[in-house]
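Data block below; observations after.
The values are calculated or read from the model by the stated rules, or taken from the named source; none is laboratory data. Values in this document were obtained by computation on a predicted structure and should not be read as measured data. Please note: Cβ atoms are built from the backbone with ideal geometry, for glycine as well, and neighbour counts cover all protein chains shown. Heavy atoms of the whole protein, side chains included, go into the accessibility calculation; ligands, DNA and RNA do not. Shrake-Rupley method; radii C 1.70, N 1.55, O 1.52, S 1.80 Å.
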Amino acid sequence: MNIKYLSKSIAIVFAVVTIFFTVYEAKSQAAKPVLVALNKADATMAIVDPVSMKLIAKVPTGDGPHEVVMSVDGKTAFVSNYGAQTPGSSISVIDIPSAKELRRVDLSPFLRPHGLQLVGERLYFTAGPNRTVARYDPATNKVDWIMGTGQNSTHMVAVSADQKRIFTTNIGSDTITAFSFQDPPPAGSTVVQIPVGKQPEAVDLSPDGLELWVGLNQEGAIDIVDTVANKSKEKVNLGGRPYRVKFIADGKLVVCTMLSTKELLVIDKVTRKVVRRMKLDSTPMGIVFSADGKTAFVTVNQPDEVLKIDLVKMEIKSRVDIGKGPDGVAVFGL
């Protein structure tokens, strides 16, 4: 046997095996599931293994953190520091693998940042006292787009996947502000105020982009907005305040966390009927889902925990104590 040929073959095999394991390890690390949830009273973000439901770490944030989203690779979390008695004016950027705050972005003069949505590489946020929705670019560490709503208590935000439509709930004005624009604005931009029911807060855009479901705090109902006509077309009465209203990924079902009744409601998007309901011992707040829509992760208060819930059987699978006053929650890799 040719020794030179044998050595070359072994070297090639070794290189292929090395590449295989390097790629496998990278994919394994990238695909590791993670859940993050905020504690408003503790001013921390908890990092949890969503499979075992074990608490991994806690990271300090700004005062009164309310909402959190994660980057598409699950390695970075963005937290809106709403504040408590003193209004907050920052976003915490947190590295999840190291459990460290990378930076605290000073948003001044914007106050009480709240609703968050990350689309592509851009983070959209609301600032209620400023009656504004704006966009933060993590790459440049700058706010690169601002638009005023002209409405009171702008609170939550929903953004289309192409970033061409932006919707905000305005609790104090009983309206939805609908933006339609080309980038860069203002070329081709339009702003429409859509009247809805009393005290709109929770909001989610259907996956097809045709409907906006809006929770009405005072009426205990959902207003359904036609996003083509830019007007409310139907109301679904729930008998209680829907704190959060979220579409499951396939767009067929909508889940609501109900404050006063301490329930989860599952609504059929087509029939508008409640098809499942689950009574809880604690007050449900934030909610996110696994990719297949079969599992929900719900932050609850008194007792303060994160619940892992089977949405098919409507039963609690496991729970974890993460701190005081859990609210915003996000999940990656499930």
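Checking the condition touching a residue at least 40 places away in the same chain (Cβ under 8 Å), over 24 Å from Pro65 (Cα atoms), crowded, with 22+ Cβ neighbours inside 10 Å and not hydroxyl-bearing (Ser, Thr, Tyr), which residue from Val266, Val254, Val245 passes?
Values: Val266 fails: crowded, with 22+ Cβ neighbours inside 10 Å; Val245 fails: over 24 Å from Pro65 (Cα atoms).
When all the criteria are applied, what remains is Val254.
Output the residues belonging to the range 83-115 that are of a type outside the set (A, V, I, L, M), in contact (Cβ under 8 Å) with a residue 40 or more places away in the chain and under 22 Å from Val133 (Cβ atoms). Write out each step before concluding.
Quick first cut of the range 83-115, residues of a type outside the set (A, V, I, L, M) only: 83, 85-90, 92, 95, 97-98, 100-101, 103-104, 106, 108-110, 112-115.
In the following step, the residues that additionally are in contact (Cβ under 8 Å) with a residue 40 or more places away in the chain were identified as 87, 92, 100-101, 104, 114-115.
Those that are of a type outside the set (A, V, I, L, M), in contact (Cβ under 8 Å) with a residue 40 or more places away in the chain and under 22 Å from Val133 (Cβ atoms): Pro87, Ser92, Arg104, His114, Gly115.
Looking at the range 231-248, is at least one residue of a type in the set (Asp, Glu) and assigned to a loop (DSSP other than H, G, I, E, B)? Please lay out each step first, then the result.
Keep residues of the range 231-248 that are of a type in the set (Asp, Glu), which gives 234.
Applying the additional criterion that residues be assigned to a loop (DSSP other than H, G, I, E, B) yields none.
Among the residues of the range 231-248, not one is of a type in the set (Asp, Glu) and assigned to a loop (DSSP other than H, G, I, E, B), which makes the answer no.
Can you tell me which of Asn237, Asn217 is within 20 Å of the chain's Cα centre (by Cα) and under 27 Å from Gly172 (Cα atoms)? It would help to see each step written out before you state the result.
Details: Asn237 fails: within 20 Å of the chain's Cα centre (by Cα).
Result: Asn217 is the single residue among Asn237, Asn217 that is within 20 Å of the chain's Cα centre (by Cα) and under 27 Å from Gly172 (Cα atoms).
What single numbered condition from (1) within 19 Å of Ala161 (Cα to Cα); (2) not in a strand (DSSP E or B) fails to hold for Gln218?
Here Gln218 meets the rest and fails (1).
Name the one entry in Val225, Val275 that is in a strand (DSSP E or B) and open to solvent by 70 Å² or more (accessible area, probe 1.4 Å).
Val275
Which residues, taken from the range 85-135, are among the hydroxyl-bearing types (Ser, Thr, Tyr) and within 18 Å of Thr169 (Cβ to Cβ)? Steps first, please.
Within the range 85-135, the subset among the hydroxyl-bearing types (Ser, Thr, Tyr) is 86, 89-90, 92, 98, 108, 124, 126, 132.
Selection gives Tyr124, Thr126, Thr132.
Quick one: which of Asp226, Asp174, Asp162 is free of Cβ contacts under 8 Å to residues at least 12 places away in the same chain and farther than 26 Å from Ser92 by Cβ? If you could, list the steps in order and put the result at the bottom.
Details: Asp226 fails: free of Cβ contacts under 8 Å to residues at least 12 places away in the same chain; Asp174 fails: free of Cβ contacts under 8 Å to residues at least 12 places away in the same chain.
Only one candidate qualifies: Asp162.
Please give the strands (runs of 3 or more DSSP E) falling wholly within the range 286-327 in which 1 or more residues are of a type in the set (Ser, Thr, Tyr). Break it down into steps so the answer makes sense when it comes.
Values: elements: 295-301, 305-310, 315-320.
Per the criteria, 295-301, 315-320.
From the list Asn230, Asn217, Asn237, exactly one residue is within 18 Å of Arg272 (Cα to Cα), surrounded by fewer than 22 Cβ atoms within 10 Å (Cβ to Cβ) and modelled with pLDDT of 95 or more. Which is it?
Details: Asn230 fails: within 18 Å of Arg272 (Cα to Cα); Asn217 fails: within 18 Å of Arg272 (Cα to Cα).
Criteria check complete, one pass: Asn237.
Results for (1) in contact with a Leu (Cβ under 8 Å, 6 or more places away or on another chain); (2) on the phi > 0 side of the Ramachandran plot; (3) of a type in the set (Asp, Glu); (4) free of Cβ contacts under 8 Å to residues at least 12 places away in the same chain, shown as yes or no for each residue.
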{"site": "Gln218", "(1), (2), (3), (4)": "no, no, no, no"}
{"site": "Lys233", "(1), (2), (3), (4)": "no, no, no, yes"}
{"site": "Asn237", "(1), (2), (3), (4)": "no, no, no, no"}
{"site": "Arg241", "(1), (2), (3), (4)": "yes, no, no, no"}
{"site": "Ser260", "(1), (2), (3), (4)": "no, no, no, no"}
{"site": "Thr271", "(1), (2), (3), (4)": "no, no, no, yes"}
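Mind checking which residues of the range 53-69 are among the aliphatic types (A, V, I, L, M), within 23 Å of Ile309 (Cα to Cα) and open to solvent by less than 60 Å² (accessible area, probe 1.4 Å)?
Met53, Ala57, Val68, Val69
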